Structures are given as C-alpha cells and as structure tokens.
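Contents: one structure, followed by commentary.
Where a number appears in this text, it was derived from the coordinates with a stated rule and is not lab data. Since the model is a prediction, treat every value here as computed from it, not as a measurement. With ideal geometry, Cβ positions are generated from the backbone for all residues, glycine too; neighbour counts draw on all protein chains shown.
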Amino acid sequence: MTGFPNGFLWGAASSAYQVEGAALTDGKGPSVQDIKTPPEGTPDFSVCSDHYHRFREDVALFAELGLKAYRFSIAWSRILPTGTGAANPAGVQFYSDLIDACLEHGIEPIVTMYHFDLPAALDATGGWGNPATVDAFEEFARTIFAAYGDRVKHWLTINEQNMMTIHAEFVIGGNLADYPVYQANHHMLLAQAKAMAACHEMLPQALIGPAPNISYTMPLETSPEDVLCAQYANAIRNWLYLDAAVFGRYNTLALDWIRRSGYELTITDEDLAVLAAGKPDFIAFNYYNTETVTYDPAGALVGEDGVIHGPGKVVLNPRFPITDWNWPIDPLGFRTTLQEIHSRYNLPMIVTENGLGAYDKLEEGNVVNDDYRITYLRDHIAAMRQAVDSGVPVFGYNPWSVMDLISTHEGFLKRYGFIYVNRNNDSELDLARYKKKSFFWYRSVIDSNGADLA
Ligand code: BG6
C-alpha cells in the first residue's frame, strides 16, 4: 500500500449552467441551455443554486469542507455573449473574482472551458456542425487563457464530448433535425486540439487535458460475440475520444462503425495535422458506472450480413445494484477504468466527476443523513486507491457535485452535493446552504489524505 501522493487534489465539481443562475445577467448571452425547453417539471436556469451571487459564501464553505481544488466551468456566453467578438467585462470579472476567492482560501481552481453550454448565437449558425465554431472556440480559449492563465494551472477542454455526441438530443440543444453528429464531433476534436496547442503556446507552465465520460464496457456473457460487441462499444464510447486527443488519430473500430452506420464524416489531411499538433498533458475523466453490452442480431449496429461491426445493445447488468435512477453501481469498475485508461495512454490522470444522485431529505434541524452517498463515495475512493497502489498516477479526485445544483433531467429532485441547497423544482425557497452528513465525512477523508474512509 502506498496510498495517495502528497499534494493530491481532493476537490469537488460543478458546471456553470447548472449552478450559477444569472443566466442572462450582467451581459451574459444565452446558451443552448437557456433557449431549450427544460424537462417537464424542472426549472429553467435563471436561478439554479444562485452561485453567481453567492460564490464568496460558497467558496468559504468549500474551504471549510477542506477542498484542495474546485472544478468549475466557464460559461462561454458570459465571456463572449455571442460566442465570438468583444468580451463582456462583467463576465470576465466574475470568473476572475471566483478564481481569486478560491486562491485566497488555498483552493486550486480547475477550469472546464466548456460544459454543455454552447452560446445560442453559435447554435443558430449550425453549432458544432459548422466548422466556424472551431475558430470561435479557439478565440474563446485564447481569451480565457489570457484572462486567467496567470492563476489557473489545470485546464479541461470539453466536458463529456462523448456524451454530447452519443446523446446529442439531450445536451447539444437547438434544432437537431439532420444534425451531422459525427461531423460535429470531429469539429469538437479539432477545436480541442487547437485549444491544447494554444494553451501550450500561451501558457507554457499550464497543463491541459480532455474530460470525457469514460465507462469501461463489459460483455454481458462470456461469449465471443458479446466480447466483440464490448470491444466495439469501448471503441465508440471511450477510445474514439481519447485516441484522437492523445494520438491525434481516429480509433479504427470506431471509424469502421461510423462509416458502416452511414454517418456523414469528412476528415481532411489538414484536419489530421491539427489533431496531431494539439496534445494533452493529462487525462481527466468522469466516472459514474460501467456499461454492459450484449450481441443483438436484430440490432441496427450489427452489419446487414449479420457480421458484427458494432456494439450490440446496452443492457442493465443484473450483477450490480442500481441507484434510484437505475444507474449501475460498480466501484471495482472504477479501478478497471482507471487502469485501462492508464495502460492505453500512459498519462497522469484526474477524476473530474464521480458521485451519487439521490432524493435527499432535509430533516429536522436542517440535517441531511446521506449515508448512501458516503457508501458510494467510500467504495469508489477505495477502488481508486487500489488503482493508485497498482501504479496508476492519479493526481486528483473531484466528486460531482460540490453542492446541489440542477441535474440534467430532474432539476433539484436528484441531488449530488455535499452541501444542501434549500430550494426545489417548484420554488426557490430561501436557497440557504446546509452541510450534509457527507460534508463532514469527506472533510475527514481529505484531512487524512484518503487514508481514513470510515
Ligand atoms: C455528467 C455531467 O454527465 O453527469 C453533469 O457532466 C451531470 O453535467 C452529471 O449533471 C450527472 O448527470 P445527471 O443526469 O444525473 O444530472
């Protein structure tokens, strides 16, 4: 047992559109999140957890939690309201103040450059389907590197690009009819590569990496067909994104499946040169669960001739317990995922999301007894420690989420935070902050550098 290294970045995470509110305040332009119709029964993003107005109080609470790092995202349309052009001074100032507040408390800011909130003005001109968005992202990247590069060491390019591609209907927003999803994905890969190159050019001391959601995918049965489907599923869901970021090339199996599935995708020699020129310094990834697939002869993802060229069908693996929202719980799969990523890419790694969404209940005395969350996080941290002991160079862990915020489909019904935010889907109530039981537990984990998980 070697345990976690000194200086390990025990942090926690949020994203701008889910936590800040102030969606159109102080010159911020609308993002795709602000123009979409929220899922039924959930609020819009105008208030969220009101972090925009309460960030000083929140960061003081993060310091009390003992955080060494805070992973948050910058809302592109707060900086560049229409995605390109003149910067919005109030927006630039907001993140400057947030970064300073973190540093004053000894908390390292870890910045996600883009987390599901494309400026609506860019969406209107084709979003990621339009190659002009690649240049817009580079412009945005250079703007925030110039504004915050003196204080931010770790940068994350695009949150969960793979989920934006695979579940485009949920996260891209805008009009999805005929959306060229893999061409759009290709443009995001180019944008990411240009941002990584710009970061190295402008900020030689800074470090930058991609932040996909990686779920190691396993076969349901120990049959050769299921194993082959799992190999495709891993390539399409996971390795496509990291191979492009790290090696500057497309994963062969992913490309095979994209082409056979009939998706539009043009890759030029110039594009390949762009991909090759932007390299990450580390890999960040979000982990919630593993996935399981099985061979499905009737499935559209198996070739017409019945020969497998695709991932089969995703199924719920009966082996695992599930969350209230049917997400499998597989802590050992977290270790497998860490070890697999490391053995493929041999780069330092940081976990940028991991956590349990649950129906928390505020009880008498404003306490939340979220023992289920403690169990989930304890088991995952223990598995991560096993990976570290196996030699995987993990340098930080940022559970989702630092405080309650709007969940993608359920608003405030599904909570993840260490800090309870007193509001619900129908009313903003008083937005008071209360420390959950997991707050005190995580603080002692951090105090002991991960040795004490009791
Ligand atoms: C990740 C996202 O996919 O999972 C977050 O980066 C998201 O934005 C989180 O909130 C949890 O998902 P959900 O659907 O439970 O909110």
(request) Determine, for Val293, Val59, the number of other Cβ atoms within 10 Å of each Cβ, and report the residues in order from fewest to most. (result) Val59, Val293
(request) Go through the range 180-256 and name the GluC sites (Glu not before Pro) that are in a DSSP coil and have 16 or fewer other Cβ atoms within 10 Å of their Cβ. (result) Glu221
(request) Provide the net charge surrounding Leu220, with neighbours chosen by a C-beta distance below 15 Å and charges set as Lys +1, Arg +1, Asp -1, Glu -1. (result) -4
(message) Sort 365-371, 227-233 by packing, meaning the average of other beta carbons within 10 Å per residue, with the highest value first.
(response) 227-233, 365-371
(message) Using only the alpha carbons of the range 26-156, what is the convex hull's orientation-averaged projected area in square nanometres?
(response) 8.4
(request) Could you quote the convex hull projected area for the range 183-290, Cα atoms only and averaged over all directions, in nm²? (result) 7.6
(message) Largest first, please: the extent of the C-alpha atoms of the range 310-398 along each principal axis, to the nearest Å.
(response) 49, 35, 18
(message) Within the chain, how many Lys pairs that are eight or more residues apart, or on different chains, come under 24 Å at the alpha-carbon?
(response) 16
(request) Classify the chain as rounded, prolate or oblate from the Cα gyration tensor: take a ≥ b ≥ c as the square roots of its eigenvalues, call it rounded if a/c is under 1.5, otherwise prolate when a/b beats b/c and oblate if not. (result) rounded
(request) State the answer as a single residue: which of Ile110, His51, Leu61 lies farthest towards the positive end of the charge dipole of the range 1-147, with beta carbon charges of +1 for Lys and Arg and -1 for Asp and Glu, about the Cα centre. (result) Ile110
(message) With 15 Å as the cut-off, how large is the P(r) tail for the range 226-265, expressed as percent of Cα-Cα pairs?
(response) 38
(request) Would you work out if the range 129-173 is rounded, prolate or oblate? Take a ≥ b ≥ c from the square roots of the eigenvalues of the alpha-carbon gyration tensor; rounded if a/c is under 1.5, else prolate when a/b is larger than b/c, oblate otherwise. (result) oblate
(request) For every helix of n ≥ 4 consecutive DSSP H residues, a contribution of -39,500 (n - 2.57) applies; sum these over the chain, divide by its total residues, and give [θ] at 222 nm rounded to the nearest 500 deg cm²/dmol. (result) -11500 deg cm²/dmol
(request) Could you rank the peptides 9-16, 245-252, 264-271 by their average count of other C-beta atoms within 10 Å per residue, with the highest value first? (result) 9-16, 245-252, 264-271
